[in-house]
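A short worksheet on the structure shown next.
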Amino acid sequence: MKKLDAKIPPGPLEQKWTYFRSHCRLVNPANKRLLDVIVIGSGLAGSSAAATLAELGYNVKVFCFQDSPRRAHSIAAQGGINAAKNYKNDGDSVYRLFYDTIKGGDYRSREANVYRLAEVSANIIDQCVAQGVPFAREYGGLLDNRSFGGTQVQRTFYAAGQTGQQLLLGAYSALSKEIAKGTVQMFSRHEMMDIVVIDGKARGIIARNLVTGELERHSAHAVLLCSGGYGNVYYLSTNAMGSNCSAAWKAYKRGAFFANPCFTQIHPTCIPVSGDHQSKLTLMSESLRNDGRIWVPKKLEDAKAIREGRKTANDIPEEDRDYYLERRYPAFGNLVPRDVASRAAKERCDAGFGVNPTGQAVFLDFSYNLKYKYGKMEAHKRGIENPTEEQLFEFGKEIIKEKYGNLFDMYKQITGDDPYVTPMKIYPAVHYTMGGLWVDYHLMTTIPGLYALGECNFSDHGANRLGASALMQGLADGYFVIPYTIGEYLADEIRTGKIPTDTPEFDEAEKAVRDRINFFINNKGSKSVDYFHKRLGKVMWDKCGMSRNEKGLKEAIEEIRQIREEFWKEVRVPGSDTEYNPELDKAGRVADFLELGELMCIDALHRNESCGGHFREEYQTEDGEAKRDDENYAYVAAWEYKGPDSPPELHKEPLVFENIKLAQRSYK
Ligand SMILES: Cc1cc2nc3c(=O)[nH]c(=O)nc-3n(C[C@H](O)[C@H](O)[C@H](O)COP(=O)(O)OP(=O)(O)OC[C@H]3O[C@@H](n4cnc5c(N)ncnc54)[C@H](O)[C@@H]3O)c2cc1C
């Protein structure tokens, strides 16, 4: 049985990373040329890792399923990226970012990893500025910051509502430079179908050229999975439609442990579901909560009138509005973390106060800050002493437009409502997965030579991710962590030589991939892939979504098994395997989701506590907050695959808190 060793360096928390960097083994530049590294994924984690490793001298191959590396899902990130630079002089520090992250994650993350993340956060901003990322600036030239949930300081750097896109362009240009130099070979429109493990070590992959259908063998001394998260197991989510779990799932089936799979983030500010036709939900960035106030009517009859179209938000007078986050959490107000804000919205809607026809929406209202914060400030700057309401509106609108204009336009295009005039309607939706492949401090999985970076690993966020921290983690892993930690492993590989691909292990992996593709093409069932994916998504959302209970989870496990059985009998994949065939690609991914979904429910069922995004209805405080059980559940749950007919085995990595006192999370 594999033992979990997190390989946390010795010494005080603040010196662990420095200690590691001063003592880890290095590969000399001449030897780096002898070593091949495969990177799966070209999002922020993959691009930054690949560019940095290639610049160091390793031979790098990068794979992504999109037509261009710059289409990775990271491009969708809107709001911003955290860093403890304290530009606002409002009391920020590395320790405070560390503390907020541990607390925000409900004390279910590793202290050493989180401290390192906070420590390198400042370097990320410098690196990105040097690459030309156009972060917003204040009048004095310093980079601007805004607030995100779960914090009382302003530490979020942003580029309008396109932070992910701009950061990805920075990483992509670094990657492109290496592609041009020949140090990176780029394989776009290629999907990694399996990991090849030889003598217990990751030694390569089977990839499929998605345009021709050809299967290819690629070997390497180390494989980095940077393949993103698995939120699409719910079918409807804010993730790009192509985002999937398959790369991580293949690794799991080859021996990498899967950690905390049930920790899912539900984001409070998404455009509500409007019908069955949707395959994706749109996020309204969390940065909007900075300036928006969330409310529902105080009176049930007002809520009903709004739902039935007899009243609008603007008909409800101030005294009849319930700013429920400000009421319940006066210290943080609208800036409580996402799990808290999501549950509070659900609570109000379940109580009958929802404001759209389905009853599943609350208002996000900018009118107050638009007029009385920004409008007034602008009027004052222009020397207008008694501005009219119209002037306040026009001045405020200009400023809001500058900060969030593209998000407001997007909302209007999708809903037809003008959010400058009527409050947005929002509701929680699946957004991010905190679970993922278990990795140690070096970011290595339980398969030697196989690493996981970015959203695809479980590390750093615990049971809930604070906003603007995923981009930070992806870039920390790629630019600043893996370039050091990989050397520790590769130092032993300099004499290995080129790894051949004509071995029995490559044969076996390629055959398994080919058999599965042949099955899909030849099955000729009666139901589409989406039919099964939608059914799975509904079970997951209803029974392993915003809240869970024992009965529901047990039912979900049974239902998922039934859907899976039916899938393998009845799935229909049109077209052939020698042409570009997105239905075929999707079939393989949904087959994996159907297995992952079950593991998520098993994980959620075994964790008899509520923490962060994992809200078990049986475990809550009197006022409806998550109730942790630190005595019995302060561990990472890492699951080991034991074969198709055996239950997975649970391994526990105890979480030791030496620097932070565990406390009931309070944002009041
Ligand atoms: C709408 C939205 C807004 C967000 N806003 C923010 C924000 O403001 N701040 C923040 O910090 N975070 C935000 N996030 C979260 C953040 O964007 C992601 O967590 C992060 O970008 C993930 O980066 P990544 O590099 O790990 O993966 P991704 O960017 O998802 O990249 C995955 C890569 O893996 C490749 N891949 C996957 N499987 C395979 C395979 N089998 N074979 C080959 N290639 C494969 C894909 O082609 C892609 O290149 C947001 C997320 C969403 C959905």
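Descriptive notes on the structure:
- Pair Gln152, Ile414: separation of 7 Å Cα→Cβ label points (nm): 3.3
- Expected 222 nm ellipticity per residue - DSSP helices of 4 or more, -39500 (n - 2.57), all of the chain, to 500: -11500 deg cm²/dmol
- Acute angle (nearest 10 degrees) that the helix 163-181 long axis makes with the longest principal axis of the chain, alpha-carbon atoms: 30
- Dipole magnitude for the stretch 176-233: about 180 debye, using +1 per Lys or Arg Cβ and -1 per Asp or Glu Cβ, origin at the Cα centre.
- Using θ = phi - 60° in the Karplus curve 6.51 cos²θ - 1.76 cosθ + 1.60, the 3J(HN,Hα) couplings for the stretch 113-123 round to 5, 5, 5, 4, 4, 4, 5, 7, 4, 5, 5 Hz; x is entered for Gly and Pro.
- Only protein heavy atoms count here; under a 1.4 Å probe, His606 has an accessible surface of about 40 Å².
- Take the Cα radius of gyration of the stretch 544-668 and divide it by 2.2 N^0.38 Å, N being the number of residues; the result is 1.38.
- Grouping the Cα pair distances of the chain into 20 Å bins from zero gives a pair-distance distribution of 19, 54, 25, 2, 0 percent in increasing distance order.
- For the pair Ala331 and Lys554, a Förster radius of 41 Å applied to the C-beta separation gives a FRET efficiency near 0.60, rounded to the nearest 0.05.
- Contour minus Cα-Cα distance for Lys569 and Asn632 (0.36 nm per residue): 18.5 nm
- Cα→Cβ-extended label distance, 7 Å offset, between Gln620 and Tyr372, nm: 3.2
- Gain in span if fully extended, Val211 to Asn523, counting 0.36 nm per residue against the direct Cα distance: 110.2 nm
- Computed with every protein chain present, the accessible area of Asp603 is close to 0 Å² [probe 1.4 Å].
- Residue pairs, from the table Lys201/Lys524; Lys543/Lys569; Lys401/Lys543; Lys201/Lys661; Lys16/Lys181, whose Cα atoms sit over 29 Å apart: Lys201/Lys524; Lys401/Lys543; Lys201/Lys661; Lys16/Lys181
- Bridges between two residues of the chain, per DSSP, are antiparallel at a rate of about 70%.
- Taking label positions 7 Å along the Cα-Cβ direction at both Arg310 and Leu662, the computed distance is 5.2 nm, reported to one decimal.
- Alpha-carbon Debye profile of the stretch 140-248, log10 I(q)/I(0) at 0.20 Å⁻¹: -1.25
- The stretch 13-87 shape via C-alpha gyration tensor axes, a/c threshold 1.5: oblate
- Principal-axis analysis of the Cα atoms of the chain puts helix 389-415 at an angle of about 40° to the longest axis.
- Rolling a 1.4 Å probe over the protein heavy atoms leaves Tyr411 with an accessible area of roughly 0 Å².
- Close amide H partners of Ala259, meaning residues 5 or more places away or on another chain with modelled amide H under 5 Å apart, are Gly436, Leu437, Trp438, Trp639.
- In terms of accessible area, using a 1.4 Å probe and ignoring ligands and nucleic acids, Leu605, Leu596 rank largest first as Leu605, Leu596.
- Subtracting the Cα-Cα distance of Ser646 and Asp199 from 0.36 nm times their residue separation leaves 158.6 nm of extension gain.
- Axis angle, to the nearest 10 degrees, between helix 338-348 and the longest C-alpha principal axis of the chain: 50 degrees.
- The chain - accessible surface per residue (Å², probe 1.4 Å): 38
The values are calculated or read from the model by the stated rules, or taken from the named source; none is laboratory data. Since this is a predicted model, take the numbers as computed values, not measurements. Ideal geometry is used to build each Cβ from the backbone, glycine not excepted, and the neighbour counts take in all protein chains shown. Surface accessibility is based on the protein's heavy atoms, side chains included, excluding ligands, DNA and RNA. Shrake-Rupley method; radii C 1.70, N 1.55, O 1.52, S 1.80 Å.
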